[in-house]
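Note sheet for the following structure.
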Amino acid sequence: MHDEDQIPIWLFIGGILVVYGILILGAGLYALAFPPPPEARVALFHLHADVWWGIIMTAIGLIYCVRFRPRHHKPEASHPA
């Protein structure tokens with residue numbers, strides 16, 4: 001099997017990061033739109049860590065997907081010997 005025919009594992013890791021990032025970002029935005037009552041909030045709720053982590057994970061996942069996307073190489077013309 002040739003290395004250029006294989007899909008890099010980093011492409012799949014990037015895809016997973018994008019999916020998880022979007023889910024976490026969505027949950028964070030929902031918590032921003034409909035905040036829990038003050039007695040049910042975690043100590044650092046005002047920092048909105050879920051929104052930040054969702055953005056970071058989505059961005060890193062997109063970088064991985066773009067960087068490690070499969071490319072189609074043009075076959076080189078073979079020169080007769």
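Annotation: for a label point projected 7 angstrom from Cα along Cα→Cβ of ALA40, residues of segment 17-34 with backbone N closer than 17 Å are 27-34. Summarising the label geometry, the points placed 7 Å from Cα in the beta-carbon direction at ARG67 and HIS48 lie 2.7 nm from one another. Listed by Cβ neighbour count within 10 Å, with the fewest neighbours leading, ASP5, ASP50 appear as ASP5, ASP50. Exposure proxy ranking for HIS46, HIS72, based on other Cβ atoms within 10 angstrom of each Cβ and starting from the fewest, stands as HIS72, HIS46.
The numbers here are math on the coordinates, done by the rules we state, and not lab data. Just so we're clear, the structure is a prediction, and the values are computed from it rather than from any experiment. Positions of Cβ are generated from backbone atoms using ideal geometry, with glycine treated the same way; all protein chains shown enter the neighbour counts.
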